[in-house]
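Report on the structure given below.
Every number here is computed from the coordinates shown, using simple stated rules; none is lab data. Given the structure is predicted, the values throughout are model-derived calculations rather than measurements. Don't worry about glycine lacking a Cβ; one is built from the backbone with ideal geometry, like all the others, and counts go over all protein chains shown.
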Amino acid sequence: MIQIGKILKQVPIFHMLGKESIDFIVERLKFKTFGADETICKIGDPGDEMYIIISGKVKICIYDENGENEQVVATLSSGDYFGEMALLTGETRSASVITTEESETFVLHKNDFDVILEKFPSISLSMGKIVSQRLRDTLKKATKIPKSQKIEATQNGPSGFLKDVSLVDLISFCESNSLTGTLKISNNNQTGTVEFESGQLQHVVLGNLHEDKALDEMLLWQDGKFEITVRPLTLKKEEKAVEGQEKIRYILITNNSLVVRKIVERAFRGLGYDVKSAKNINDSLAVMKDWKADIIISDVKLPDGNGIEFAKKVREIKDIPFIFLSDRSIKPDFEQHLKELGKAELTKTQEVSEIVKLVENYV
């Protein structure tokens, strides 16, 4: 059987992680199979998944501008992986991946990768270095300028001179490579900056000039220096809260099982949440007297009542969301009660990753 943990250690962005961290990632991999000659992803698809090949073979293909004349640029097999850069940059697929025989893979989705990134922020440090090197390599290739003569490899990113690479080309490069960072341009005694977020131009600054005039002015510069600084990538949660609604920070876990409480509590503490736990409804209500939770993760059945009764009692104190852990003995009428209750979810499994996703849907 393929050693998934060992392969993950070979992926540059996971190279520095220890066994416990690697195991945390392995738990979030999903198993997926493909038939022979099946397209796993194609050019232009969203880059939201990374794949590890368990068995079988795939070919990496590019095509001409008409979408014809297939060129195979690589062949991958058991133990190989692809798509990791898409998780970093958010770019669409730059090549198509097609199986050449029946294949089995493990898949890491971006949602799970975001959870991993928040739990292990040190990954962002290596990500910055990887993206920086990628920017330097791409820039040299795109402009066909020998590194030794025209491009300086700085710690943060590529740098050089406007006489060699125009500002228009630099902006186009930053956009096409989904840059998150700053393009700084200097000419005589003037210095301007262009800020990018995931390839989108955000701000242009040159003295007190309006952004439009600042950009027009810098586009006229024929000489000067440029430097691209890449900011380490960090997780940004999607803003889903409505005006006046506070973000979730405090989580109460109610479960009769000490093991379940500890596992879920540890996961959310690792993600930066403030967490408390209780074994039953009465203990939870006692906690709520002095500490107001933003969301409650509860078992369906508790020693002193059921989840619906619990939620109704809590909402006499505060109207907050509930996430109930799945139970095989749950009856259909319970799900109907959940719909009537509102602001309540039932997990499909008891995997921590699913619970995290449901909580973050309310953030």
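The table that follows gives values for the structure above.
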| item | result |
| --- | --- |
| Placed amide H near residue 80: partners under 5 Å, 5+ positions off or other chain | 53 |
| Nearest-20 debye value, the range 250-361 charge dipole, Cβ charges on Lys, Arg, Asp, Glu | 180 |
| Shape metrics for the range 4-115, restricted to C-alpha atoms - Rg then Dmax, Å | 14.1, 47 |
| Calculated from backbone phi, Karplus (6.51, -1.76, 1.60) coupling profile of the range 96-103 in Hz, x at Gly/Pro | 9, 10, 10, 6, 9, 7, 4, 9 |
| Cβ-defined net charge surrounding residue 43, 14 Å radius [Lys, Arg +1; Asp, Glu -1] | -3 |
| Full-stretch length increase - residue 19, residue 306 - with 0.36 nm per residue and alpha-carbon distance subtracted | 99.4 nm |
| Local net charge near residue 34, Cβ-Cβ under 15 Å (Lys/Arg +1, Asp/Glu -1) | -3 |
| Extension gain from residue 313 to residue 209, taking 0.36 nm per residue of separation minus the Cα-Cα distance | 31.6 nm |
| Cα gyration tensor category, rounded, prolate or oblate, for the range 250-361 with a/c compared to 1.5 | rounded |
| Point-to-point label distance, residue 190-residue 66, nm (Cα→Cβ direction, 7 Å offset) | 4.6 |
| Reach of residue 301 by Cα under 12 Å, taken over aspartates and glutamates that are not fewer than 8 positions away in the same chain | 309, 327 |
